[in-house]
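The values are calculated or read from the model by the stated rules, or taken from the named source; none is laboratory data. Quick caveat: nothing in here was measured; it's all calculated off a predicted structure. Because the Cβ atoms are built from the backbone with ideal geometry, glycine has one as well, and the counts that use them run over all protein chains shown. What goes into the accessible areas is simple: the full protein's heavy atoms, side chains included, and nothing from ligands, DNA or RNA. Shrake-Rupley method; radii C 1.70, N 1.55, O 1.52, S 1.80 Å.
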Amino acid sequence: MSKSGDLARLVRDRAGSAPPDYGLVLGSGLGHLGASVDGVAIPYADLEGLPHAGVSGHVPQLYIGDLEGRRVAVFGGRSHYYETGRADAMRPALELLDELGCDRLILTNAAGSLREDIPPGGLMLLSDHIAFAGTNPLIGEADERRFVPMTDAHDPGIRADLRAAAAAEGVALPEGVYCWFSGPSFETPAEIRAARVLGADAVGMSTVPEVILGRFLGMRCAAISVITNMGAGLSAERISHDHTKQMAPLGAAKLERVLRRFLRD
Ligand code: HPA
């Protein structure tokens, strides 16, 4: 049995065998959303290969159960490229989802905005992304499926449904391009200006490798950023991880409403 097969068996033993309708990955300061799931919580420590040390603001548990009438698998925390130097750090988690029969993936993250009209406390739906970190989670993958097409990697149908859910909730959900920087240092003001010229609307340190892996596994993917700050040099505020964690709950409350409405409708 493959490793993801072993993990899937453990998860099915504890949570039942119905395939999740959606997999969700929660970003910095958003991990508590998993607690809303009516089901079971499995610590990552029980799931070999899943990242159980993690970054503060993340909750290393997999929640499986019902949320607004849908079966969901919610990863309360993620591993980032900057923690290990491995862009494929979330591959075991996504392979587990795949093994459980889940083919829709919604990713969330905290991000810095490059647009005045997408302020801190707001949300941005990713229309597309730029992999600026200089690596790829599929490097070393031998299977020919590694040549993953990335047009419409951010699924137009799921995005339309998320926009409709946001409109129904009265939450602004502008779309924009997310640019992946490796971190863990924040960007310089010059890098932020460069990202802007390249067509980015927000910057962050995650999500893009998961979209690439998700597409590799044949999943439909979408991602929402919770904007915690303006990009470096665009405002007087000091950027820090503490600031990210402080600001995330503002957007997280909106994100939760949008996600609940999306799942319900
Ligand atoms: N840059 C990168 N990642 C981030 C930021 C940022 O400004 N804010 C929150 N995560």
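Against the definition (more than 17 Å from the chain's Cα centre (by Cα) and within 30 Å of Ser240 (Cβ to Cβ)), how does Gly85 come out, yes or no?
When the stated conditions are applied, Gly85 passes them.
Could we say that Ala253 is in a helix (DSSP H, G or I) and surrounded by 24 or more Cβ atoms within 10 Å (Cβ to Cβ) here?
Taking the combined requirement at face value, the residue does not satisfy it.
Output the residue which, of all residues in segment 129-148 that are hydrophobic (A, V, I, L, M, F, W, C) and open to solvent by less than 100 Å² (accessible area, probe 1.4 Å), is farthest from Leu107 (Cα to Cα).
The qualifying residue farthest from Leu107 (Cα to Cα) is Ala142.
For segment 149-169, check the following and say yes or no: at least one residue is modelled with pLDDT of 95 or more, more than 13 Å from the ligand (Cβ to nearest atom), open to solvent by 30 Å² or more (accessible area, probe 1.4 Å) and in contact with a Gly (Cβ under 9 Å, 6 or more places away or on another chain).
no
Mind listing just one residue for me: the one in segment 183-206 that is in a loop (DSSP other than H, G, I, E, B), surrounded by fewer than 21 Cβ atoms within 10 Å (Cβ to Cβ) and more than 10 Å from the ligand (Cβ to nearest atom) and, of those, nearest to the chain's Cα centre (by Cα)?
Gly199
Report, by residue number, each residue of segment 207-242 that is open to solvent by 30 Å² or more (accessible area, probe 1.4 Å), within 12 Å of the ligand (Cβ to nearest atom) and assigned to a loop (DSSP other than H, G, I, E, B).
Gly233, Leu234, Ser235, Glu237, Arg238, Ile239, Ser240
For Glu83, all conditions in the list (1) in contact with a strand residue (DSSP E or B) (Cβ under 7 Å, 6 or more places away or on another chain); (2) open to solvent by 60 Å² or more (accessible area, probe 1.4 Å); (3) charged (D, E, K, R); (4) closer than 20 Å to Thr228 by Cβ hold save one; what is the number of the exception?
Here Glu83 meets the rest and fails (1).
Counting only residues that are closer than 30 Å to Gly112 by Cα and of a type in the set (A, V, I, L, M), which one in segment 1-40 is most open to solvent (accessible area, probe 1.4 Å)?
Ala35
What are the pairs with Cβ atoms under 7 angstrom where one residue, in segment 22-38, is under 18 Å from Ala93 (Cα atoms) and touching a residue at least 40 places away in the same chain (Cβ under 8 Å) and the other, located anywhere, is open to solvent by 20 Å² or more (accessible area, probe 1.4 Å) and assigned to a loop (DSSP other than H, G, I, E, B)? Sequence gap at least six, or different chains.
The qualifying pairs are Ser28/Val55; Ser28/Gly57; Ser28/His58; Gly31/Gly57; Gly31/His58; Gly31/Val59; Gly34/Val59.
Give segment 95-122 a look and list any residue that's open to solvent by 60 Å² or more (accessible area, probe 1.4 Å) and closer than 21 Å to Asp6 by Cβ, or say none.
Asp98, Glu99, Asp103
Six or more apart or on different chains, Cβ under 9 Å: which pairs go from a residue in segment 160-183 that's closer than 23 Å to Ile130 by Cβ to one that's open to solvent by 20 Å² or more (accessible area, probe 1.4 Å) and of a type in the set (Val, Ile, Thr)? Could you list them?
Pairs that qualify, where the first residue is closer than 23 Å to Ile130 by Cβ and the partner is open to solvent by 20 Å² or more (accessible area, probe 1.4 Å) and of a type in the set (Val, Ile, Thr), are Val177/Ile130; Tyr178/Ile130; Cys179/Ile130; Trp180/Ile130; Ser182/Thr135.
Give me the pairs, please: first residue somewhere in segment 219-232 and touching a residue at least 24 places away in the same chain (Cβ under 8 Å), second residue anywhere and of a type in the set (D, E, K, R) and within 8 Å of the ligand (Cβ to nearest atom), beta-carbon distance under 8 Å, and either six or more positions apart or on two chains.
Between residues of segment 219-232 that are touching a residue at least 24 places away in the same chain (Cβ under 8 Å) and residues that are of a type in the set (D, E, K, R) and within 8 Å of the ligand (Cβ to nearest atom), the close pairs are Gly231/Glu187; Ala232/Glu187.
Could you list, in sequence order, all residues of segment 104-125 that are away from the ligand (no atom under 14 Å from the Cβ) and not in a loop (DSSP other than H, G, I, E, B)?
Arg104, Leu105, Ile106, Leu125
When you check Ala41 against the structure, is it in contact with a strand residue (DSSP E or B) (Cβ under 7 Å, 6 or more places away or on another chain), free of Cβ contacts under 8 Å to residues at least 40 places away in the same chain and not in a loop (DSSP other than H, G, I, E, B), yes or no?
Against the criterion (in contact with a strand residue (DSSP E or B) (Cβ under 7 Å, 6 or more places away or on another chain), free of Cβ contacts under 8 Å to residues at least 40 places away in the same chain and not in a loop (DSSP other than H, G, I, E, B)), Ala41 qualifies.
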